[in-house]
1. Considering only residues that are within 14 Å of another protein chain (Cβ to nearest Cβ) and in a loop (DSSP other than H, G, I, E, B), look in region B:263-283 and name the one that is farthest from B:Ile317 (Cα to Cα).
2. Quick one: count up the residues across region A:315-327 that are at pLDDT below 95 and within 16 Å of A:Asn288 (Cβ to Cβ).
3. Any idea which residue in region A:402-426 is nearest to the other protein chains (Cβ to nearest Cβ), counting only those that are outside any strand (DSSP E or B) and in contact (Cβ under 8 Å) with a residue 24 or more places away in the chain?
4. Look through A:Asn118, A:Asn187 and report the one residue that is within 20 Å of A:Asp453 (Cβ to Cβ), in contact with a helix residue (DSSP H, G or I) (Cβ under 9 Å, 6 or more places away or on another chain) and open to solvent by 10 Å² or more (accessible area, probe 1.4 Å).
5. Here are some residues: B:Ile180, B:Ile172. Which one is surrounded by 23 or more Cβ atoms within 10 Å (Cβ to Cβ), hydrophobic (A, V, I, L, M, F, W, C) and within 20 Å of the chain's Cα centre (by Cα)?
6. Do you know which of the residues in region A:57-76 that are of a type in the set (D, E, K, R), touching a residue at least 60 places away in the same chain (Cβ under 8 Å) and more than 15 Å from A:Asn187 (Cα to Cα) is surrounded by the most Cβ atoms within 10 Å (Cβ to Cβ)?
7. Looking at B:Leu286, B:Leu260 in this structure, which one is in contact (Cβ under 8 Å) with a residue 40 or more places away in the chain, away from chain A (no Cβ under 14 Å) and either in a loop (DSSP other than H, G, I, E, B) or open to solvent by 80 Å² or more (accessible area, probe 1.4 Å) (or both)?
8. Identify, please: which residue in region A:349-374 is open to solvent by 20 Å² or more (accessible area, probe 1.4 Å) and small (Gly, Ala, Ser) and is, among those, farthest from the other protein chains (Cβ to nearest Cβ)?
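The values are calculated or read from the model by the stated rules, or taken from the named source; none is laboratory data. It should be emphasised that the depicted structure is a prediction, and the values quoted were computed from it without experimental measurement. Cβ placement follows ideal geometry from the backbone for every residue including glycine, while neighbour counts extend to all protein chains displayed. Accessible surface is based on the protein model in full, side chains and every heavy atom, while ligands, DNA and RNA are left aside. Shrake-Rupley method; radii C 1.70, N 1.55, O 1.52, S 1.80 Å.
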Amino acid sequence: MYGLKTHIILLPNLFGLIILCVGFPNKINAQSSDTSSHLLNEVVILENKQQLLQASRKANSIDSVTLARYQTSSLTDLLSGQSAIHVKSYGAGNIASTSMRGGNASQTAILWNGLNVNSPGLGMYDLSLVPIALFDDVAIEYGGGSTLWGSGAVGGAIHLKTKSLFNQGFHTKLSASMGSFGTQKINTGVLLSYKKIISSTKIYYNSSANNYPYKDTLDRDNPDKILMNADYVMKGLMQEINILANPYQKINLRFWYNYAFRNLPTNYFTTNARNQTDENIKLNADWNYAKYRFKSIIRGAYFKDANEYNDSLRKTHSKNYTHTIIAENDNTYQLRQHTFNVGANFTLYQLQSINEEDDGITSYSNQLHKLAFFAAYKLMAFNSRLNYNLSIRKEFTSLTEIPFTGNTGIYYQLWKKLAAKLNASSSYRQPTLYDLYWQPGGNPHLKPEESYDIEGGLEFKWVKKSLSLLMEGTYFNRHTKNWITWLPSDKGYVSPKNIAEVYSRGTETKTELSYKNKEFSARLIFNTSYVLSTYTKNEQENDNSIGRQLIFTPRYTGQASISINYKKFNLLFNQAYTGYRFTSSDNTSWLYPYCIANLKGGYQYAFSNVSMEIFGSINNLFNKNYVVIANNPMPLRNYEIGLSMNYHKQKKKTENQIPTN
Amino acid sequence: MVIYSKKMRLYISILIIVLFNSCVKDKPQDPKKTAVTVNSDYKVLIVNEGNFGWGSGTISLYDPTSGALVDDYYGQQNNGGSLGNVCQSITRHNSSYYIVVNNSNKIMVVNASDFVKTGTINGFNSPRYILPITYNKAYVSDLYANSIQVVDLNTNTISGSITCMNGTEGMILIYNKAFITNGNSEYCYVVNTATDVMMDSIHVGKGSSGICVDKNSKVWVLSSGNSASSQAGKLSRINPVTVQIEQSLNFNLGESPGKLCVNKTRDTLYYLNNGICQLQITSNSLPSNPLIYQGSKIYYGLGVNPKDYSIYVSDAIDYVQKSKIEIYKPDGTFITKFNAGIISNSFMFE
């Protein structure tokens, strides 16, 4: 369901220009697609449920051409460089999470083909464990999306999707690169695409000694240091099978395995060697039925997340396993300008935790199940100039009352080139399994966080021949109550409580200017975000955080990128700015802003069915010494160079390609 | 960009107004850095742990006479340098202060007169407290090492170790015996400081940490208990000569008492248990109510000024902002309060 409403977006009044803008480089690639370019490189914007039902909320997709430049990178690098979302990274290859619209890491939902894959234990997903090579589309959705995605979609959601095109023939790809600090990356893919069946296999392997030099601003005696004990190995496999049983029925089977072993760096503060192993298995099967005006999806999924943490000096050895089982049914019926959607979701979470310490082993397990019912309605009126939507969702758990969530919004085409959006929603975040059951300290009496969100925006689109301009400005305003915070208790250990209320508001702008002719295309992207996210309530007498910005949440972020394609050359320059972040909730200590630039370039060469590309990148071009999180140094200027090879044997085009998801 | 019509101009103007309204200046105001010099010989050093993993631990210097405060005394005296991560304790010995930096696994040595760094002792697992034994010898307790480290203060190196289960905490020295509490075991360990050999252990209950000596030269040990394993906290009075418990007072299950202190005349004990509790050493029972309730505060550090009996307590609040230090008279009357560093855990009165 969720991500599976798959069409190429052709709703002209909705996202027409986004498609146009995004579409330009596509055409360039399409010109050479028979012989060259990347596996699955055609731009197909996969519509998801949000775009279908809640177009009144801000969303944008990172185009496949930009995505192709990040083929050897992780989601951490992609979002840091190509969005104004604040990415909280503990260092190259190290743990990274997001802060969207002033929320925390567990208030962003990471969705894999519409399924929430945030760890049920921690409530967040480590962006460094998402290799871009496995995905064909990365889209960002802003604001409260609980009516669609359930718990956790508060600040926003990030969609990771693959697409499947039937009847494409045989396609294979190998890409390998080498970089600074002993970094090696390799990924390969094989696509067999026939009329009725597709098999897509992707494998990646990354490893790095990751021993980068940095300047330690705290150690006056010895500022020049090399990061120690930060090496990592990451590998993964994604296998997908899509079967077109008949013109109305399609079955998708997906398997994603990911493994990462990381030593956690030692520094001036932490001298003991620690390491972390993550192993994730994700299985997803769905059956799609679409006939006339009716569409139905039945889907099931199983996720296993294993995390192991070792601190040899401290003799801590902890293993945490979570299992998630999802069953869902989602139905859509379209009657002229009316769209109706109803469905239900059942999710079972299981947690198993084993801690080995010197004084023995403690282990425990818990489970939680959740049942959700949802419904949505969309109206297209006035010659499709007006798009009105209303969605509701109610979830039930065995534990606490979950608030009713709702969303309503209007998208209105004021004028040919200008559209307005207005949306109100409520969203929630269920306490994570660790919040509820962690021993010691877990608090099973926690209430869910509740958020109330309004946003409004204007979208300006202008196209003239080969030039196009898209501008979007958005204002949002969100109140969150029952904000969950871990605090030491009088029992002698930390325990989560619903103590704070947070008010987040701000503005976002998006500007895309594109130019394209036969041999040359260029695009300028400029995103900014200004977020005030402050505490409005705290019951503690001596507290000095009211009205102050949340820690590690920048007020200003901005990102600009210039992408140029000329004949067989491509170049991408981007620069991202992150403002001051406070390290204390009374805002008396802070980290300095940083502005980091990266340069990527490539040259493509094609002959018959084979195409090759040599690519390279210079990261942190201006050699800035910076940290995102206090005392976790980031790498100085570093390099990567690589080669990718594609082989594509096109099938005879006997019928129209059916784009599906 | 191209502006087509008046209508368009209007829209653009609205857009700009919406986007650029009420932006706040990003650069925070630097705190006023007036070089505070505390000259009075009556001063208080406050140990601020800092946030585990990423925050800098600091030592604040407070002058009770003038109310002057130096936020980061070490940084001020050492050209902005940092002590490291998680300052656990400070101890004065000879003409130096020894600052135990837990997560950075080291002890910073600074000159007592000007707080300038003179050395570092490395090689610990997770050091907690340092106990000077002789002029050149000290013991260091450790949360994760299965031994007490013996340190040569002449060379600032570890010279030996005394096997002891991990979790060693507070220590005191009396009659050539070191009494060492342990947060993980149910025992307080006794080491012969002449031979550095473990000679005895005393059953004081789970989670002992606070330890002090009263005016009758009796050793008091506070154990916080463990609610998960249904073990209640306990306050034990030990005769250091016989190494026997003379008296034992039990807390209720679920209470987690901590931070044991003794006053100037060493006849009154103070500890934290849902507030500040006061106990005469002659008392046969624990007080049923705290002297000062903590209410919505989270009391974390405690100290009693040996000069004027005043009680210093820190409220760590949310653990990511400056702690509030409150000062009370021994009768519980509030005197004043001020902000120190992040997670203030103890006080040293000079």
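1. Taking region B:263-283 first, the residues within 14 Å of another protein chain (Cβ to nearest Cβ) are B:271-277.
From what is left, the residues that are in a loop (DSSP other than H, G, I, E, B) are B:273-274.
On the way: B:Asn273: 16, B:Asn274: 14 Å.
So the residue we want is B:Asn273.
2. Qualifying residue count, region A:315-327: 0.
3. Step one: list which residues in region A:402-426 are outside any strand (DSSP E or B), which gives A:402-404, A:416-417.
From what is left, the residues that are in contact (Cβ under 8 Å) with a residue 24 or more places away in the chain are A:402-403, A:417.
Working: A:Ile402: 26, A:Pro403: 25, A:Lys417: 8 Å.
Selected residue: A:Lys417.
4. Values: A:Asn187 fails: within 20 Å of A:Asp453 (Cβ to Cβ).
Checking each option against the conditions leaves just A:Asn118.
5. Values: B:Ile172 fails: surrounded by 23 or more Cβ atoms within 10 Å (Cβ to Cβ).
Answer to the check: B:Ile180.
6. Pass one, region A:57-76, residues of a type in the set (D, E, K, R): A:57-58, A:63, A:69.
Narrowing further to those that are touching a residue at least 60 places away in the same chain (Cβ under 8 Å): A:57-58, A:69.
Remaining after also requiring more than 15 Å from A:Asn187 (Cα to Cα): A:57-58.
Values: A:Arg57: 28, A:Lys58: 24.
Among those that are of a type in the set (D, E, K, R), touching a residue at least 60 places away in the same chain (Cβ under 8 Å) and more than 15 Å from A:Asn187 (Cα to Cα), it is A:Arg57.
7. Values: B:Leu260 fails: either in a loop (DSSP other than H, G, I, E, B) or open to solvent by 80 Å² or more (accessible area, probe 1.4 Å) (or both).
Result: B:Leu286 is the single residue among B:Leu286, B:Leu260 that is in contact (Cβ under 8 Å) with a residue 40 or more places away in the chain, away from chain A (no Cβ under 14 Å) and either in a loop (DSSP other than H, G, I, E, B) or open to solvent by 80 Å² or more (accessible area, probe 1.4 Å) (or both).
8. A:Ser365
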